[in-house]
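The values are calculated or read from the model by the stated rules, or taken from the named source; none is laboratory data. Note that the structure is a prediction, hence the values are computed from the model and not measured. When we count neighbours, we look across all protein chains shown, and the Cβ atoms used for this are built from the backbone with ideal geometry, even at glycine. Calculation scope for accessible area: heavy atoms of the full protein, side chains included, ligands and nucleic acids excluded. Shrake-Rupley method; radii C 1.70, N 1.55, O 1.52, S 1.80 Å.
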Amino acid sequence: MTDQAECAIGFRPDQLEGFRIGVTSDRRSGDLIDAFVRRGAQVVHAPTIRMANASSDEPVIADTRAIIDARPDVLLATTAYGVRRWFEVADAAGLGDDLVDALRDTAILVRGPKARGGIRAAGLDDVGMSAEETTESLIDEVLAKHPAGLTIAVQLHGYLPPSALDRLRRAHARVLTVEPYRWLDPDVADERVDRLIEAACTGGLDAITFTSAPAVHALFMAAEARGRYDDLVDAMCGPVVAAAVGPVTAAPLLAAGIVPLQPERYRMGAMIRQVCEHLESARVIRVETRHGPLALRGSVAEVAGRRIPLAPVALSILRPLVVARGSVVARDRLAAGMPGAGDEHALEVALSRLRQSLGVPGLIATVVKRGYRIDA
């Protein structure tokens, strides 16, 4: 099933109304953002790392000539974009036919179905796919099933630990690489990453999606540089769900103690569907009150048959009251959770406005000298 078909399953234009989702990807971010927006979500887009072609094609051409001359025994093809970009550069340099000819008898192993599509589009075929759709598992395959002393070529995909290639070099006579694209840090003048980190740490996001491990590392490094690393990790261990497209992307999140959503099929469409289902099933807080049902879905309150968008201050007050499900929440706790310098006077003003917005008298009850509660 294609990404588009998976995204369409269970589609409703109000499915994510009230939820706010951070998108960290650069390439294909438009597809991801559109899928969430069409379901009613608000999206904060902050590419934490950018995919870029090399400033000069000369290194790619030189690596291509070396691979043609070597006629490698095994090729590891890791990404569809990388394969396409590689053959485009080769064609432009007049080396396309020579590259295809040099790889005609090569045992080509692909990381996943998209890389397989890139290889087949070049007029070649592969002999197998990695078990886990990771470069590391491709290397495991080479070490387990091919004799030592071969010439191995690897199409790099922007991020690969040096230790992974060292494993190949210890077993084989020659390891050649080609890097058709690379990762770039975001522009220092781009304030979107700052806004995403601040939103995540202050209750302004319900989920953050990741489609590559470098994007996770870059977000962590940006948060650390701003003194918000611990706050960001705490947020993603609590109210902000992290979603990763697959195990490679999830690895740095797990290393930080964050357990992300991961679809069984490592596809963007499957991740979108999982995020939608999770937010609807696990992140809508419902409570029965004396005035009828009350639900909080992201930044929207559902009460008396209406959906009411809430400003950040109102949301910071209503969320702990709904989570408490009728128990009293102390005044100082509510004031401390307000954005900015909240005090009891500011709390009273904001609470009055919240009650007016909800339009249900008595829904939020005052407990004298103690605090407030939902009248459940």
Inset, instruction - Out of the residues in the range 46-72 that are open to solvent by 70 Å² or more (accessible area, probe 1.4 Å) and modelled with pLDDT of 95 or more, state the one that is farthest from the chain's Cα centre (by Cα). - result: Asp69
Inset, instruction - Report yes if Pro247 is modelled with pLDDT of 85 or more and closer than 30 Å to Arg65 by Cα, otherwise no. - result: no
Legend entry - Where a residue in the range 305-318 is touching a residue at least 60 places away in the same chain (Cβ under 8 Å) and its partner, wherever it lies, is of a type outside the set (Ser, Thr, Tyr) and assigned to a strand (DSSP E or B), with Cβ under 7 Å and at least six apart: Arg307/Val300; Pro309/Val300
Legend entry - Residue match in the range 262-277 (condition: surrounded by 19 or more Cβ atoms within 10 Å (Cβ to Cβ), within 22 Å of Thr134 (Cβ to Cβ) and without any contact (Cβ under 8 Å) to a residue 24 or more places away in the chain): yes
Inset, instruction - Scan the range 108-129 residue by residue and report those that are out of contact with any Asp or Glu (no Cβ under 6 Å at 6 or more places or on another chain) and either in a helix (DSSP H, G or I) or more than 24 Å from Arg65 (Cα to Cα) (or both). - result: Pro113, Lys114, Ala115, Gly117, Gly118, Arg120, Ala121, Gly128, Met129
Inset, instruction - Starting from residues that are free of Cβ contacts under 8 Å to residues at least 40 places away in the same chain and open to solvent by 80 Å² or more (accessible area, probe 1.4 Å), keep the ones in the range 278-304 and report whichever is farthest from Leu16 (Cα to Cα). - result: Pro293
Inset, instruction - Residue by residue through the range 162-189, note down the ones that are under 27 Å from Asp234 (Cβ atoms) and either exposed (fewer than 14 other Cβ atoms within 10 Å of the Cβ) or among the basic types (Lys, Arg) (or both). - result: Val188
Legend entry - Qualifying positions in the range 328-366 - over 30 Å from Glu198 (Cβ atoms), open to solvent by 30 Å² or more (accessible area, probe 1.4 Å) and either polar (S, T, N, Q) or out of contact with any Asp or Glu (no Cβ under 8 Å at 6 or more places or on another chain) (or both): Val328, Gly359, Pro361, Thr366
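Okay, residues lined up against (1) touching a Phe, Trp or Tyr at 6+ places or on another chain (Cβ under 9 Å); (2) closer than 15 Å to Val74 by Cβ; (3) modelled with pLDDT under 95:
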position: Ala107; (1), (2), (3): no, yes, no
position: Arg111; (1), (2), (3): no, yes, yes
position: Lys114; (1), (2), (3): yes, no, yes
position: Ala131; (1), (2), (3): no, no, yes
position: Leu143; (1), (2), (3): no, yes, yes
position: Ala153; (1), (2), (3): no, yes, no
position: Pro186; (1), (2), (3): no, no, yes
Legend entry - Residues of the range 85-98 classified as within 14 Å of Ala70 (Cα to Cα) and either small (Gly, Ala, Ser) or surrounded by 22 or more Cβ atoms within 10 Å (Cβ to Cβ) (or both), total: 0
Inset, instruction - Mind counting the residues in the range 219-235 that are touching a residue at least 40 places away in the same chain (Cβ under 8 Å) and buried (at least 23 other Cβ atoms within 10 Å of the Cβ)? - result: 1
Inset, instruction - Hey, can you tell me all the residues within the range 236-252 that are crowded, with 19+ Cβ neighbours inside 10 Å, of a type in the set (A, V, I, L, M, F, W, C) and out of contact with any helix residue (DSSP H, G or I) (no Cβ under 6 Å at 6 or more places or on another chain)? - result: Met236, Val241, Ala250
Inset, instruction - Select from the range 142-183 the residues that are of a type in the set (Ser, Thr, Tyr) and not in a helix (DSSP H, G or I) and write down the one among them that is farthest from Glu58 (Cα to Cα). - result: Thr151
Legend entry - Condition met for Arg286 (charged (D, E, K, R), within 24 Å of Ala235 (Cβ to Cβ) and in a helix (DSSP H, G or I)): no
